[in-house]
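The values are calculated or read from the model by the stated rules, or taken from the named source; none is laboratory data. Quick caveat: nothing in here was measured; it's all calculated off a predicted structure. These accessible areas exclude ligands, DNA and RNA; they are computed on the full protein's heavy atoms, side chains included. Shrake-Rupley method; radii C 1.70, N 1.55, O 1.52, S 1.80 Å.
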Amino acid sequence: MSHKIVAANWKMNGSLDLVKELTGEIKAQLAKLDNGVKVVIIPPALYLRDVHREIGSGFELGVQNVSQWEDGAVTGELSAAMAADVGASYVLIGHSERRQLFGETDEVVSEKVAKALAHGLSPLVCVGETLDERDAGHAVDVVCGQVEKALAGIGPDDWKNIVVAYEPVWAIGTGKTATAEDAQRMHREIRDLLARLGAPADTVPLLYGGSVKPDNAAELFAQPDIDGGLIGGASLKADDFVRICQSA
Ligand code: 13P
């Protein structure tokens, strides 16, 4: 029985029509899947309720971001309490697109992790190095630094709700995947770091993201420290996403 997690990050894609079509197909095809994989759908927050209604039980839902603030005069933001209220159980925090396009710092990431935990959401903490950082030989330092800062403030009881996603920035949306060996090596580094931080490291799911496709998923998921995937582009094609879930 698989204990893997496969999460679909739809990013800023879709429409009510696509939600209906994609969710319907995923539901129909995955209903027959009995490999135990946990499937998390992370649509744009505006469509979360529609996905919820369409997909029914058997799936987990997430949002792509929450505010670091509790509530109030923060125009345009969505709170962790709201995400939990409408049925999300996961939240992506610190995705590289948020770090790069919205200037999210490690400090903000750690505030968001705390806020998510306070409202019963599982933070899916995204970390990853750029190509320049990798070429300079700093990948492990960058990634481990991001993990450590994101999780600095959490309590001993919070580890059971934490998921970490390693997404090398150069592999996101580029068709370039880390080799299974490279991904495994980084996941091992992250797991060793979690142990040093006092986590029950073997039980914290570590997902790989970055150009995961049906033809490379199985090899990635076969690695001992890769506990599943965070899927972007391929999660918008029902057949591809279903095949990735079948590989888990
Ligand atoms: P792609 O699968 O499109 O490379 O995106 C990965 C990602 O950013 C998931 O969060």
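The mean of 1/r over all pairs of different alpha-carbon atoms in the chain, once inverted, gives a Kirkwood hydrodynamic radius of 17.9 Å.
Near the amide H of VAL125, within less than 5 Å, lie the amide hydrogens of ILE93, VAL163, VAL164, ALA165, all on another chain or at least 5 residues away, with H placed in the peptide plane.
Working from the Cα coordinates of region 104-219, the gyration tensor eigenvalues give, after taking √(5λ), semi-axes of 24, 15, 14 Å in decreasing order.
Only helical DSSP H runs with n ≥ 4 go in: add -39500 (n - 2.57) per run for the chain, normalise by residue count and round the 222 nm mean residue ellipticity to 500 deg cm²/dmol.
Working: 10 runs with 101 residues, N = 248.
The per-residue figure over the chain is -12000 deg cm²/dmol.
Backbone amide hydrogens, once placed in the peptide plane, bring GLU104 within less than 5 Å of ARG99, excluding anything fewer than 5 places away on its chain.
Pairwise Cα separations in region 1-75 fall into 10 Å bins from 0 onward with the following percentages, short to long: 17, 47, 26, 9, 1. Taking the chain as the region of interest, the number of lysine pairs whose Cα atoms are within less than 19 Å, with members eight or more places apart or on different chains, is 25. Legend: Rg and Dmax of region 39-144, from Cα coordinates, 15.1, 47 Å.
Find the accessible area per residue for the chain; the probe is 1.4 Å, ligands and nucleic acids are left out, and the unit is Å².
46 Å²
The Stokes-Einstein estimate for region 187-248, based on a Kirkwood radius over Cα pairs and taken at 25 °C with 0.890 mPa s viscosity, is a diffusion coefficient of 200 µm²/s.
Overall, the accessible surface of the chain at a probe of 1.4 angstrom is composed of carbon and sulfur to the extent of 50 percent.
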